[in-house]
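The values are calculated or read from the model by the stated rules, or taken from the named source; none is laboratory data. Note that the structure is a prediction, hence the values are computed from the model and not measured. Please note: Cβ atoms are built from the backbone with ideal geometry, for glycine as well, and neighbour counts cover all protein chains shown. Keep in mind that these areas ignore ligands, DNA and RNA; they rest on the heavy atoms of the full protein, side chains included. Shrake-Rupley method; radii C 1.70, N 1.55, O 1.52, S 1.80 Å.
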Amino acid sequence: MAKKLDKADVVIVGVGWAGGIISAEMAKAGKKVVALERGRHKERSDYIGVKDELRFDNRYQIMQNLSSETMTSRNNIDETALPIRTRNDMQVGTDLGGGSVHWAGATYRYWPYEFEIRSKTIERYGKDKIPKDMNLQDWGITYEEMEKYYDKWEKTAGISGEQDPLAPKRKNPWPNPPLKETPSLKLFKDATKNLGLHPFQVAAGNMSEQYENPDGETLNACMYCSFCTRHGCDFSAKADPLATVIPTALKHDNYELRTRAYVRRVLYDKNSGKATGVLYVDERTGEEFEQPADVVVLSGFALTNNRLLMLSNIGEQYDPKTRKGLIGRNFNGQYNSSFNGTLGFFEDKKFNLYMGAGALGAAVNDYAADNFDHTDLDFIGGGAIELRQYGFGAISSSGNVPKGTPSWGKKYKENSLHYAYRALRIWYTAIAMSYWHNYLDLDPTYKDEYGDPLLRATYKFGDQERNIAKFGIDRCHEIMEEMGADIIEDDEVPEEFNHSFTGGHYTGGVVMGDDPETSAVNNYLQMWDVDNLFVVGGSAFPQFGGHHPTPTIGALSYRAAEGIEKYMDEGGQLAEAKRTTQKA
């Protein structure tokens, strides 16, 4: 029988960016907070002196071990799903800080169009522009309402950036100046300018100079060491929860962090319609505990938030046959239809590609959102075209050889040495839509080590994903040609999703909106069905925007924190429900 603990004001499940921000804001507000993290305790010092390409880039040792808990996957609702067992096919963060510790740092705000994508699409192109199988919907919040939360997160994270010429004018400047412009980025900018486009330096969670954030946390200047993505930062120079919001929360005596605490259920009282706490297992001892709280916050990974609601029988499970239910609906993300582009090889140019940072890059947004006319195009939305200089490792750079090169022997050695400094990649970060046939539910066959069903993903592409990928590859090819590449190799658009959830961008399933018929949470990420349950993170995205998700998750977390305080003062629903069914 579970041991019942003293009641907290707020219990937080999962401590990455989302849970870390809620932690810091609730701790500063004087609330009695208990935060539960299933992974091990981590600090910045754990990542100092551990640059190891084999360990982290090839063996993914910073990611969740999928042998004990994973997800199953299938394309169609009449298929049997199979478990994903290799971290090469799915990368989920683990330990304190979660996936936020190994993010690259690319920072884009979503566009005003993307928050009102259904309304704006109909306004400009008519309702018939939206495919009938697409669950396209507005977010229930506008960019103008989001702006102050973006600003707050960017200041906490110390983002280094410059104004994108096409983006809405910022009310405040970026906290830090942009990162260095390298020769490869200058080449990209010059080429895109020649083509009439509008290049800019990608805003970065990598510090261009030492920075102290509004909470008094200090981040160091980036050393361009190349070990960002899939790594914790060696120099405390990358904005992540371990450097910012978690230490801020831990400075307060009213905040308690428990690691190795694996939450299995949200406790729910049907009579009161309220969540009463959570049930968790101490992974070190196997003991079960009940942590009561006035407010429950789910801020795990998108997959975790979905699964916990399903296991706890909170909310109505989405059923694709009836199109009813909300939990698990609109599962979306950037998988192998995204990040397609071109690889260019240069015979007379060499670049120092072993110097880099996760978000060191240049981009154009001329083909993002609705910044270009879609009248004659067979897709909606867009994305950025980026050239990033992540920084090569010795292993990864050995694969920079043109097609047709043997995978071993003399010719392979010659080409891998010759092109080690001569290969640049451009890609298009395409928007990813939601469809009635893509969703999450509990798998009827496979279970985890506690005997609970695994999460099951049913996911396949719509025509949109193939069409926008082809469009993006063509635009990347044009830019690479203008850059003067001697060999240009275009990516091939996959015909179907291949069950490889690479990239870590998993969203949807507990989506936000202003209509309870099509959204599970309101624009404070408060559940429509349960006033004291907030579900925070990428699970709230109705569809995936044309940029990386972290800044929007951070901004929404500050919005949710504001809502939690408001709820604790006033109670009840924080947003007015509007019955404007948006089903396509």
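Below are the figures for this structure:
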| item | result |
| --- | --- |
| Inter-part distance where the range 130-206 and the range 448-508 are each reduced to a Cα centre, Å | 21 Å |
| Binned Cα-Cα distance frequencies in the range 418-557 - 5 Å width, integer % | 2, 8, 13, 16, 16, 15, 12, 7, 5, 4, 2, 1, 0 |
| Efficiency of FRET from Cβ geometry, ALA577 and ASP373, R₀ 51 Å, rounded to 0.05 | 0.90 |
| The range 198-310: C-alpha gyration tensor shape, a/c 1.5 cut-off, then a/b vs b/c | prolate |
| Part-to-part distance (alpha-carbon centres) for the range 311-337 and the range 1-61, which is given in Å | 27 Å |
| Percent carbon-and-sulfur accessible area, the range 385-426, ignoring ligands, DNA and RNA, probe 1.4 Å | 61 percent |
| Solvent-accessible area per residue, Å², over the chain with all protein chains present [probe radius 1.4 Å] | 38 Å² |
| Pairwise Cα inverse-distance average, inverted: Kirkwood Rh of the range 499-584 (Å) | 13.5 Å |
| Fully extended contour minus Cα-Cα distance, from LEU250 to ILE395, at 0.36 nm per residue | 48.3 nm |
| Listed residues ALA357, THR405, TYR125: farthest to the positive end of the dipole of the chain (Cβ charges) | THR405 |
| DSSP-loop GluC sites (Glu not before Pro) across the range 248-291, with at most 15 other Cβ within 10 angstrom | GLU283, GLU287 |
| Label-point gap, in nm, between LYS132 and HIS418 - each point 7 angstrom along Cα→Cβ | 5.4 nm |
| Folded to 0 to 90 degrees: helix 17-28 orientation relative to the chain principal axis, Cα | 50 degrees |
| Inverse mean reciprocal Cα-Cα distance (Kirkwood Rh) of the range 356-501, Å | 18.5 Å |
| Fraction in percent of alpha-carbon pairs per bin - 5 Å, the range 6-101 | 3, 11, 17, 17, 16, 12, 11, 8, 5, 1, 0 |
| Of all accessible heavy-atom area on the range 34-186, the percent that carbon and sulfur account for (1.4 Å) | 48 percent |
| Net charge dipole size for the chain [Lys, Arg +1 and Asp, Glu -1 on Cβ; Debye, nearest 20] | 780 debye |
| Shape of the range 227-378, Cα gyration tensor, a/c cut at 1.5 | oblate |
| Kirkwood Rh in Å, taken over all unlike Cα pairs in the range 97-211 | 16.6 Å |
| Antiparallel bridge percentage (DSSP; both residues within the chain; nearest 5) | 65 percent |
